[in-house]
Amino acid sequence: MSIAITGAEILVLDADHGAKPFTADLLIQGDRIIAIGPDLDLSQADQTIDGRGKLVMPGLVNAHMHSPEALYKGRYDNMPLEVWMLYAYPILGAQVLSPRLVYLRTALCAIESLKSGTTCVTDDVYESPHQTPEQLDAVFQAYDDVGLRATISGHIVDRPFLDTIPFVRDFVGPDLAAQADALGTGDAKAWLAHCKEAFTRHHGRSGRLNFMVAPSAPQRCTVDLMQAAMELAEAHDAPFHTHILETKMQAVTGPEFYGETLIAYMHRHGLLRERTTIAHSIWVTDPDIELMGDARCSIAHNVISNQKLGAGVAPVRRLLDAGVNVALGSDGVSTSDTTRMFAVMHAAGLIHNVQTPDTAYWLSAPEILRAATSGGAKSACLPKTGTLEAGHKADMLVIDLATVPFTPRNNIANHLVYCETGSSITHAIVGGQIMAQDGTCLHVDEAALLAELREEMPAFLAQHTKTEAMNQAFEAAFWQAHKKANACDIGLHRLGQEPAWLQ
Ligand SMILES: [Zn+2]
């Protein structure tokens with residue numbers, strides 16, 4: 001199968017071309033771009049897209065998303081992470097979802113992502129009490145059917161939940177603590193076996209889908225599990241994906257638990273590597289940033305989620321200057337309520353400007369676009385993805401430039417970051433196949449899937465409402481712990497360090 005796009009404005013987004021488009025033809029053969037240039041011989045193409053008046057750019061890469069939260073879209077507001085987690089990731093009474101509901105939930109995210117310009121996603125998937133092979137199959141099947149490129153995890157926590165957050169045991173009564181502790185922890189050995197099987201069954205599936213390891217966070221997982229996960233990631237050339245320093249509570253956690261920052265802890269245990277992606281990276285210190293830059297690791301900058309939970313702002317300019325690869329993520333569908341990456345780019349383009357009058361610290365539209373494309377691809381260990389070059393994966397968007405967001409037209413990078421919403425996309429191409437066209441996913445019946453999900457929701461929510469009531473018993477204690485962490489000397493002072501984003 002080959003596709004020709006004729007006479008389009010091509011935005012390569014590699015290091016050489018910056019964010020300036022040029023007019024050319026583009027030829028796709030199989031799942032790759034085979035040529036970009038003026039007046040290509042396109043006579044053999046199976047399908048031709050008239051690119052005149054259109055922009056062709058790399059598809060967007062969402063470097064951090066949690067599809068399980070899709071069932072809570074629009075449900076919660078005005079809670080910090082530690083309190084919100086009680087409801088979105090309940091300690092008591094979490095439901096075990098059928099593979100079909102897992103499929104529908106994932107398809108919902110994949111459909112929204114594809115239609116709004118995301119062609120590649122990193123989906124960090126937690127199931128309670130642990131992910132089964134059937135649930136993981138359902139996630140892979142949904143991405144396979146809708147047609148995204150996806151890197152999918154089994155997320156794990158293998159420390160007792162109340163031991164993952166400082167101070168909560170001071171405030172949770174003995175009965176509740178006993179109930180929480182009775183649930184035990186994720187089984188590291190079983191999880192590693194599950195991951196090994198997942199690599200065998202799914203890694204490289206359909207040429208678009210990969211598995212990755214995602215130990216939740218260094219305060220939520222044992223170091224033995226994290227090191228074993230890193231070994232697996234190395235063996236399969238897969239990402240090692242984790243969460244670090246999202247909240248002030250987590251800035252307290254390193255000094256409280258380990259007597260060092262969580263980044264220093266990762267470094268000391270050999271877990272800070274080029275294949276490491278750190279979601280958030282807000283409360284990092286200057287020495288942390290140096291360690292991260294030396295490792296050439298990646299961060300996922302989840303700017304909408306971070307605002308919703310009041311977490312803070314990642315010091316992106318400093319991370320970029322240190323040599324850290326910066327990617328953008330929506331984060332979970334409960335903490336940003338959408339997977340739309342044009343919204344994430346817009347927010348990322350604005351937030352840094354209110355931190356300081358020093359414009360050198362602000363991000364430019366081309367920097368945002370690179371983070372949302374090649375930055376995300378690098379964090380997913382997908383080297384030939386995220387730019388438009390011969391030999392690279394044919395993942396791209398065709399965008400109509402005659403629409404309101406591009407009229408009148410000035411600087412194209414600024415239009416993409418600040419004006420476009422995804423509504424001008426005419427074609428989303430993934431792995432050389434047109435997966436969505438004119439707002440419709442071509443390979444699934446969107447209306448039927450959404451109708452089926454709506455049918456499932458009353459039963460799910462009836463049970464979830466009971467689960468919320470059970471977990472509300474913890475809320476006062478979690479608020480107290482949150483307040484203590486936010487009021488106290490954050491412990492970094494004891495280490496002689498300050499969080500970079502507050503300097
Ligand atoms: Zn996350």
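The values are calculated or read from the model by the stated rules, or taken from the named source; none is laboratory data. These figures come from a predicted structure and were not determined experimentally. So basically every Cβ, Gly included, is an ideal-geometry build from the backbone, and we count neighbours across all protein chains shown. These accessible areas exclude ligands, DNA and RNA; they are computed on the full protein's heavy atoms, side chains included. Shrake-Rupley method; radii C 1.70, N 1.55, O 1.52, S 1.80 Å.
Scanning region 289-319 for residues that are in a helix (DSSP H, G or I), without any contact (Cβ under 8 Å) to a residue 40 or more places away in the chain and more than 15 Å from the ligand (Cβ to nearest atom) yields 290, 291, 292, 293, 294, 295, 319. Answer yes or no as to whether residue 99 is surrounded by fewer than 22 Cβ atoms within 10 Å (Cβ to Cβ) and not hydrophobic (A, V, I, L, M, F, W, C). Yes; evaluated as a whole, the condition is true for this residue.
Limited to region 192-207, what total is found for residues that are in contact (Cβ under 8 Å) with a residue 60 or more places away in the chain and open to solvent by 20 Å² or more (accessible area, probe 1.4 Å)? Please lay out each step first, then the result.
Filtering region 192-207 for residues in contact (Cβ under 8 Å) with a residue 60 or more places away in the chain gives 194, 197-198, 201-202, 205-207.
Next, only the ones that are open to solvent by 20 Å² or more (accessible area, probe 1.4 Å) stay: 194, 197, 201, 205-207.
The total comes to 6.
Looking across region 256-288, the residues that are away from the ligand (no atom under 16 Å from the Cβ), open to solvent by less than 10 Å² (accessible area, probe 1.4 Å) and not β-branched (Val, Ile, Thr) come down to 266, 271, 288. The criterion of at least 2 residues that are surrounded by fewer than 19 Cβ atoms within 10 Å (Cβ to Cβ) and at pLDDT 95 or above is met, among strands (runs of 3 or more DSSP E) falling completely within region 1-72, by 2-10, 22-29, 32-37, 47-50.
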